[in-house]
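Since the structure comes first, as structure tokens, the remarks are kept for the end.
The values are calculated or read from the model by the stated rules, or taken from the named source; none is laboratory data. Quantities reported herein were computed from a predicted structural model and do not represent experimental measurements. When we count neighbours, we look across all protein chains shown, and the Cβ atoms used for this are built from the backbone with ideal geometry, even at glycine.
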Amino acid sequence: MATVKLDMEKLVSLCRRRGFIFQSSEIYGGINGFWDYGPLGVELKKNIKDAWWQDMVRNPPPGPDGQEITMVGLDCAIIMNPKVWEASGHVGGFSDPMVDCKESKKRYRADQLEVIEGHHEILPLLYYAYTSNDQDLLKAALKKAEKAARASAKKLVDTPVGQAFMNVAKEVSRLAQIVGPDVDVPGTLTEPRAFNLMFESYAGAIQSEENKVYLRPETAQGIFVNFKNVVDSTRVKIPFGIAQIGKAFRNEINPRNYIFRSREFEQMEIEFFCHPDESMKWYEYWRDLRKKWYSTLGIQSENLVPREQGKEELAHYSIGTTDIEYMFPFSEEPQELEGVAHRGSFDLTAHMTKSGKDLTYFDEEGWNAMLQERLEPFKEDKKRREEEKKKLEKDERSKFIFTPHVIEPSAGADRFTLAVLCESYHLDQAPDANGKMEERLVMRFHPRLAPVKAAVFPLMKKEGMPEKAQSLYRELKKHYKVEYDEAGAVGRRYRRQDEIGTPFCITIDFDTMKDDTVTIRDRDTLQQRRIPIGSVLDELRKAMA
Ligand code: ATP
């Protein structure tokens, strides 16, 4: 982990200034929990989604036994039949327990509230609540506890310990002893209550209960309800995966930490269907693969923390879940980037029950292989063969029909975009036009993710340099997002590109006009090399591989 933590305000300001991320509807004062990606942000996020699609769907690495793995994609509607959400448990169930503060009118997620105990000699015993990972609120809670101890002429001898609010609030009477995070008196917090996170709307002209629909809170269910369609319309055989990238909506109570927790976001989800007997093997495969993927795109491995959920945290259907967490600068604790969950057969079974449709899988290949082997001894005796076949159909066929188990790696495109922005932000030293060292802000994006791959500069606006530079620019932009810049001193142009993380700057100078060579400058090492103008595209290709 970096020793100096990135100041989030600086990152947010850079993102706004250079057109990565804007507040949604900013001219009207914005809207809490919604963000817009600007010209550079949209390129960055698109590169992230394209990298995921390329590496997970079109060209996934070999499976655990070195075999090719089959992956296909889907793009489902955001609004689905509401029965989907009844079957999945989202209607009624998709809610975080919330706690309201009657005095401050603030609302907190109960599972994110913790309490410290006041000094035990002070009666009645008070607890001071704060939201986990919020150092300011923790400090405030400690201060309140100290103040109370001083007021009653007691010294705070024990270090108060953080414990889950939910545990303390289990006994309702104790709510009266808890001082909320934003108030100074006890007893203002309500009991935890369910709060539905799904956005609702109506399909059709009449706003009636029958026309009620939901904006999907995850892309996964679109995959489950299309499982049979995919099996019937393609030649996929289990094991195989279906992937989808798309928007999801959650009416989060406390959207916060920039694009980390918003109300509209994008997910990159895979449902990998396999035989129950092989599910643990595939779970481990996806868990390890997904963590590695982040590292190959430039996330330092010490900032990435896979965290196997404890039994008590697991969703009721889950056999195992690993959260891949990242040390975001806004928190002392690593936060979830992606969850890799072993969901068993929960989802397909739920949709089978609700829809009445058969979503089991028939392992035809396995069945045929078995038939062939068992009927081999009777190949000369047609009658016996038929009898044996009937017997096998009665006794054995059902063993080849099963409800697949599912491994779900579910990642957030916006959370990864934020991790990439945090990870790339660097301040270092670089020489100015006179060779004097000065501070430089550089975004060290992995070349595959960088919004702009290269910038082409004519050294001067004369002697054919601009024309030559434009011709190179036109050639490169057929393949990559590149920029052309002829404004200001070259040093200044370098700085502009460093700030947006452009890996290469290519300068057309006097020598180019003589021998068709250019300088190519590396953003990170600052080294400049002379290469033939005809090999620039290859250089970019190499870096993007
Ligand atoms: P959290 O506990 O942080 O709310 P979650 O466990 O509910 O997350 P999942 O339902 O597993 O999240 O969703 C999968 C992924 O979708 C998350 O790992 C995250 O990257 C992304 N995601 C979920 N909620 C949000 C949100 N409100 N804003 C941005 N990304 C989100």
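Being touching a His at 6+ places or on another chain (Cβ under 6 Å) and surrounded by 18 or more Cβ atoms within 10 Å (Cβ to Cβ) is a property that Phe224 has.
Of the strands (runs of 3 or more DSSP E) lying entirely inside segment 265-353, those containing at least 1 residues that are within 16 Å of the ligand (Cβ to nearest atom) and buried (at least 22 other Cβ atoms within 10 Å of the Cβ) are 320-326, 335-344. Among the residues making up segment 47-83, those that are part of a helix (DSSP H, G or I) and under 23 Å from the mean Cα position of the chain (by Cα) are Asn47, Ile48, Lys49, Asp50, Ala51, Trp52, Trp53, Gln54, Asp55, Met56, Val57, Arg58. Among the helices (runs of 4 or more DSSP H) confined to segment 358-445, the ones with at least 3 residues that are more than 16 Å from the ligand (Cβ to nearest atom) are located at 364-375, 382-395. Name every residue in segment 27-43 that is within 28 Å of Val452 (Cα to Cα) and of a type in the set (Phe, Trp, Tyr), in order of residue number. Hits for segment 27-43 are Phe34, Trp35, Tyr37.
Quick grid of which residues meet (1) among the β-branched types (Val, Ile, Thr); (2) within 30 Å of Met166 (Cα to Cα); (3) assigned by TED's automatic domain parsing to the domain that holds Phe224:
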{"residue": "Phe20", "(1), (2), (3)": "no, no, no"}
{"residue": "Gly29", "(1), (2), (3)": "no, no, no"}
{"residue": "Met80", "(1), (2), (3)": "no, no, yes"}
{"residue": "Ala110", "(1), (2), (3)": "no, yes, no"}
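Out of Val482, Val518, Val536, one residue alone is surrounded by 19 or more Cβ atoms within 10 Å (Cβ to Cβ), among the hydrophobic types (A, V, I, L, M, F, W, C) and free of Cβ contacts under 8 Å to residues at least 40 places away in the same chain. It is Val482. When each of Ile245, Ile253 is tested for being of a type in the set (Val, Ile, Thr), within 16 Å of the ligand (Cβ to nearest atom), in contact with a strand residue (DSSP E or B) (Cβ under 7 Å, 6 or more places away or on another chain) and in a loop (DSSP other than H, G, I, E, B), the lone residue that passes is Ile253.
Name every residue in segment 15-35 that is without any contact (Cβ under 8 Å) to a residue 60 or more places away in the chain and surrounded by 13 or more Cβ atoms within 10 Å (Cβ to Cβ), in order of residue number. Within segment 15-35, Arg16, Gly19, Phe22, Gln23, Ser24, Gly30, Ile31 qualify. Across segment 175-206, the qualifying residues are those that are surrounded by fewer than 15 Cβ atoms within 10 Å (Cβ to Cβ) and outside any loop (DSSP other than H, G, I, E, B), and the one among them that is farthest from the chain's Cα centre (by Cα) is Ala176. The C-beta contact set for segment 315-334 (first residue in contact (Cβ under 8 Å) with a residue 12 or more places away in the chain, second residue within 14 Å of the ligand (Cβ to nearest atom) and among the basic types (Lys, Arg), distance under 7 angstrom, 6+ apart or interchain) comprises Tyr317/Arg343; Ser318/Arg343; Thr322/Arg287; Thr322/Arg307; Asp323/Arg307; Ile324/Arg290; Ile324/Lys291; Glu325/Arg307. Residues in segment 22-51 that are touching a strand residue (DSSP E or B) at 6+ places or on another chain (Cβ under 7 Å) and over 19 Å from Asp498 (Cβ atoms): Phe22, Gln23, Ser24, Gly30, Phe34, Trp35, Asp36, Tyr37, Lys45, Lys49. Residues that are among the polar types (S, T, N, Q) and away from the ligand (no atom under 16 Å from the Cβ) were ranked within segment 193-233; the one that is nearest to Lys83 (Cα to Cα) is Asn211.
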